[in-house]
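The values are calculated or read from the model by the stated rules, or taken from the named source; none is laboratory data. Because the structure is predicted, anything quoted here is derived from the model rather than measured. Here the Cβ is made from the backbone with ideal geometry for all residues, glycine too, and neighbour counts use every protein chain on show.
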Amino acid sequence: MQYPEAQIRTVQDLEAIPLHAEGAIQPTRLDMVAKIQQIQAPTEVDHYQIRRKLDIYVRPATEDLGKTADLVRKVIAKQHIPAGINVTVRGSAEAMSESFKSFAIGLILSIILLYLVLVAQFRSFIDPFIILLALPPGITGVLLMLGLTGTTMNVMSLMGVVMLAGIAMSNSILIVQFAHHLMSEGRHVAEAIIESCRVRLRPILMTSLATVIGLLPMALKMGEGSESYAPLARALVGGLVVSTALTVFLVPAGFFLIYAGKRNRHKGSCLRNLPSS
């Protein structure tokens, strides 16, 4: 029950509120039956899932959201919190953490699905591992580019990592597939992988350079509204540059080490099985 606020200006107005009892002709003042005393109390009581809560708002000045959230958690950890009170960081920091978890799960699932597709395509459990060697250099390039440009790790840059995985894998697939084709024609492992890198280098460079050049205006924030997509473009550019430069070394090296060893073991077993003359 609330009395009209426009009629209550002072404490005396509050004390003079008339009370009407049943069967009484004359009203009674409020101060005749109650003691009015000023106390300190919250003007607004908020609840979160029925439980009472008190909000303390923090807004970053120049720091990124992740760093600010970490600093807030450190301050909370140093405080002595009474029993029965819980302190929780919510808002944009909570949404950011959930987004990071979702993208991490999505990236892991995409790599697993890509591996399974490659297993079915190459009919081998080894070749997909060789192809996946192109992914770590790409992620390293993403981290280097974000660090050099002062870009934070956010949702858009994580989307760039997911897109990078597909592009980097396609370059690696070209090398491995053509090396197997040359080996089926009777080429030695070393000769096949060297020839594969030499032949497939041009399409790999054309694809990567076309992607990098197309993303440069967005990465440099040259167009309207490109600020929100700049982290995605920078992540892709850095990952593609490093991945393209190292894929032609890591993937052939892994291919040679695995298949040269298998060839040597196969030859050794054949020699042991030859009948003695």
Options 201, 271; residue that is part of a helix (DSSP H, G or I) and at pLDDT 85 or above: 201
Restricting to the range 199-218, and then to whatever is in contact (Cβ under 8 Å) with a residue 12 or more places away in the chain and among the β-branched types (Val, Ile, Thr), can you tell me which residue is surrounded by the most Cβ atoms within 10 Å (Cβ to Cβ)? 204
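Restricting to the range 136-160, count the residues that are surrounded by fewer than 22 Cβ atoms within 10 Å (Cβ to Cβ) and in a helix (DSSP H, G or I).
Within the range 136-160, residues that are surrounded by fewer than 22 Cβ atoms within 10 Å (Cβ to Cβ) and in a helix (DSSP H, G or I) number 14.
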Residue 85: surrounded by fewer than 10 Cβ atoms within 10 Å (Cβ to Cβ) and under 30 Å from residue 151 (Cα atoms), yes or no? no
Taking the condition of being at pLDDT 85 or above and of a type in the set (Lys, Arg), how many residues in the range 98-122 meet it? 0
